[in-house]
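Structure first, commentary second.
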Amino acid sequence: MRRTAPKLLLLATALAAAPLLLAGGARERTAQEAQGRVLDAALHHLGDDRTPEWPEAPADPEPSPLVIAFESAANAGEWLLHLSARDVDSDWAVELNGARLGLLPRTKPLAAARFIVPPGSVASGRNELRIVPSNPKEDILVGRVRLEERSLRDALQLGQLEVTVRDADGAPLPCRLTLVDAQGKAVELFYADARATAVRPGIAYTKAGHARLELPPGPVTVWASRGMEWSVASGTVEIATGATRTIELSLAREVDTAGFVACDTHIHTLTHSGHGDASVEERLITIAGEGIELPIATDHNQQIDYRPTQRQMELLPWFTPVVGNEVTTDNGHMNAFPMVPGGERPPWKESDWAKLVEGIRAKGAQVVILNHPRWPEGGKDPLTAFGFDEQTGERRAPQRFAFDCIEVINSDCPTTPPDTVLPAWFALLNRGERFTAIGSSDSHAVGVIVGQGRTYVPMDDSDPAALDVAAACRAFKEGRVAVSLGLFATLEIEGRAMGDTLQPASDEVEAVVRVRHPSWIAPRSLELVVDGTVAAKVALDDAQPGDGRCEKSRRVRVRLPDHDSWIVALARAPRVAAPFWEMSLPEALALTNPIWIDRDRDLEWSSPRATAAARLGGARDAAAVAQVRAALPGLDDGAALQLLELARDACSGEARTALAALAAERAGLAGWAARHLGAP
């Protein structure tokens with residue numbers, strides 16, 4: 001069976017799910033690897049489909065598992081097994097005499113891999129190597145198997161590196177280590193302690209601020225980092241064969257997040273989601289290493305409790321894990337939390353979103369999030385399938401949106417960056433659907449930075465091990481959280497904060513925005529958005545008096561429309577390309593949730609759509625056109641678009657033509673009118 005890998009599957013490195021499997025890189029073999037005894041020189045086609053386009057092996061598959069028998073003396077020391085494989089999308093175990101050595105690398109092109117053969121694994125006499133599939137219908141190539149009677153340490157002439165990372169007070173600190181060679185390429189790392197580190201080429205997360213690694217000789221630059229709240233430290237050492245080098249680095253907290261906790265609402269493991277490459281143990285080390293205090297476990301249609309593993313790994317002080325579930329359906333994914341560990345799953349086969357969310361809540365979830373609403377791209381996303389209009393929030397399909405939040409930032413969804421999602425969120429707010437914006441990482445792999453996209457939740461942050469999950473849920477539902485991708489912003493207007501309703505004293509308000517950032521990200525601009533339109537924009541390039549080294553504070557005057565509205569702050573910064581925090585999205589970003597502006601001070605917030613409906617007043621045809629003509633000058637574009645949609649449904653014939661002519665006179669309305677009303 002030929003198949004396409006699901007989202008993120010191919011991000012798994014050759015180390016996927018097996019600490020003994022060592023990446024061989026894109027090359028197929030080197031002169032050094034050519035040593036050793038050939039056990040099988042052929043490439044074998046395993047699976048169930050003809051593949052005449054593969055010239056390296058017969059078009060017709062042979063049955064799996066592949067069994068290679070060989071005679072040998074026993075191995076008293078460590079040996080190496082080499083093989084090559086291609087088009088591997090799922091788990092194929094490599095077993096020697098019934099013991100698993102690891103998994104084939106998940107790869108499309110032909111790639112080489114090395115497996116450590118522990119002492120005593122090879123018997124004196126007959127031995128049997130087996131390649132065993134989890135999905136026998138998957139078509140792969142595998143073979144060119146060699147056995148090398150020396151250790152990896154000897155084969156690669158490794159040297160040892162010990163890295164220690166502490167905070168400003170000298171205490172060991174969970175963190176990420178990023179290692180590159182003189183050409184800036186990721187360095188292969190070996191013999192790390194799997195109980196204390198999560199290692200991939202060029203990356204080593206350490207749960208206790210210390211890592212002992214072995215790597216090839218040559219100059220190596222090491223960065224230590226701990227997410228966007230912390231500084232970065234680096235050093236360069238020369239690795240020598242058989243020698244030990246040491247490096248000590250110190251990190252300082254740079255971003256003031258007092259009164260907030262860092263939350264990632266979208267986290268996966270290979271162990272339970274079945275794709276990616278991060279085991280549960282590795283995932284917990286990465287969570288601690290990136291400073292995520294409130295991680296939500298959201299494996300696909302699974303409800304996993306991190307706490308037993310967290311306790312075993314002695315990571316309790318660093319975070320409060322929450323049991324969640326990425327309810328994965330054929331027409332969209334929704335994260336839900338908190339859930340019962342291992343409990344009955346929500347009705348994930350339900351296609352009606354209202355019924356789906358009802359079923360999710362029936363299983364205990366307090367918060368339901370619509371994930372990556374513009375993924376998959378190319379018009380295959382659920383919003384497009386529902387006929388969603390990005391300017392008004394209208395949808396042609398009869399789907400009622402009953403979730404609480406919408407994922408605006410997904411830092412591992414490069415094909416659908418935030419600017420493809422923000423218009424949809426703005427339109428929903430204008431329609432009166434008050435969904436909270438959130439950010440997440442959607443990390444499935446060790447190398448995909450967990451918490452790069454994150455959400456800051458206001459709460460008592462004095463003890464990360466004992467956070468109030470119920471309070472966090474309330475903050476999500478009330479819209480009091482802030483969205484972060486390298487920047488952290490808060491918004492205050494006349495003493496009101498995100499989620500609050502303000503009765504302004506005049507038609508102009510002063511917005512106070514704090515944009516906090518690490519020293520290695522430089523904010524460039526700040527926008528104040530009212531009802532989906534940028535109402536004010538200021539540069540953040542130059543520090544002003546009173547700005548801290550890692551904060552830009554601005555007071556920005558914003559003129560309000562003469563009707564109820566909403567306002568958010570949006571800060572932007574250039575994309576980070578440094579290896580320690582390499583981004584797949586085009587820019588760093590911070591976003592606040594709205595402050596609701598009760599302009600008429602009637603103690604009740606009315607959405608732009610409610611305002612439009614009141615201005616139209618139920619009029620039809622010519623009377624409706626007259627109402628629109630009178631109302632448009634007093635409405636901003638967000639409310640005016642809602643008015644046009646309502647009037648469209650109340651007009652026909654000449655009245656609709658007149659309506660189109662009115663809309664064509666205003667730039668912000670003309671595009672929608674051309675699509676939905678036709679030419680005037």
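Here, each number is a calculation from the coordinates, and none is a lab measurement. All figures in this text were calculated on a predicted structure; none of them were measured in a lab. A quick note on method: Cβ atoms are made from the backbone with ideal geometry, for glycine too, and the neighbour counts reach across all protein chains shown.
A few points about this structure:
- Rg [Å, one decimal], Dmax [Å, integer] - segment 80-191, C-alpha atoms: 18.1, 58
- Overall dimensions of segment 486-604 as given by Cα atoms, namely Rg and Dmax in Å: 15.3, 53
- Cα long-axis angle, helix 469-478 against the chain (0 to 90 degrees, to the nearest 10): 40
- For the cross-link pairs LYS355/LYS477; LYS349/LYS380; LYS380/LYS537, the ones whose C-alpha atoms lie over 25 Å apart are LYS380/LYS537.
- Degrees between helix 637-648 axis and first principal axis of the chain (Cα, 0 to 90, nearest 10): 70
- Relative exposure of GLU293, GLU394, judged by other C-beta atoms within 10 Å (fewest first): GLU394, GLU293
- Amide hydrogen neighbours beyond the local backbone of ASP600, cut-off 5 Å, H modeled: ASP564
- Just so you know, the Rg over Rh for segment 608-676 is 0.90, from Cα atoms, with Rh as the Kirkwood radius.
- Only helical runs count toward this figure. For the chain, summing -39,500 (n - 2.57) over DSSP H runs of n ≥ 4 and dividing by all residues gives -5000 deg cm²/dmol at 222 nm.
- C-alpha long axis of helix 621-631 to longest principal axis of the chain, angle in °: 80
- Distribution of pairwise C-alpha distances over segment 174-316, 10 Å bins, in %: 11, 38, 33, 15, 2
- Rounded to two decimals, the Cα radius of gyration of segment 344-459 over 2.2 N^0.38 Å is 1.08.
- Likely footprinting exposure, HIS333, HIS300, HIS266, fewest C-beta neighbours within 10 Å first: HIS300, HIS333, HIS266
- At most 16 other Cβ within 10 Å, DSSP loop - trypsin sites (Lys or Arg not before Pro), segment 120-172: LYS137, ARG150
- Taking the number of Cβ atoms within 10 Å of each Cβ as an exposure proxy, the fewest-first ranking of CYS651, CYS263 is CYS651, CYS263.
- Calculation over all alpha carbon pairs of segment 448-534 in 5 angstrom steps from 0 returns a P(r) of 3, 10, 17, 22, 21, 14, 9, 3, 1, 0 percent.
- Of the trypsin sites (Lys or Arg not before Pro) found in segment 281-383, those that fall in a DSSP loop while having at most 13 other beta-carbon atoms within 10 Å are LYS349, LYS380.
- For the chain, dividing the convex hull volume of the Cα atoms by the residue count gives 173 Å³ per residue.
- Candidate lysines - alpha carbon under 17 Å from LYS137, same-chain residues fewer than 8 apart omitted: LYS108
- Selection of GluC sites (Glu not before Pro), segment 642-680, meeting DSSP coil and at most 11 other Cβ within 10 Å: GLU665
- q = 0.20 Å⁻¹: log10 I(q)/I(0) that the Debye formula gives for segment 521-680, counting C-alpha atoms only: -1.15
- Fraction of C-alpha pairs exceeding 17 angstrom in segment 157-250: 42 percent, rounded to a whole number.
- Two-decimal log10 I(q)/I(0) for segment 254-483, as the Debye equation yields it once each C-alpha is a single scatterer, q = 0.07, 0.09, 0.12, 0.13 Å⁻¹: -0.20, -0.33, -0.60, -0.71
- Rounded Å value of the spacing that divides the Cα centres of segment 398-432 and segment 610-680: 25
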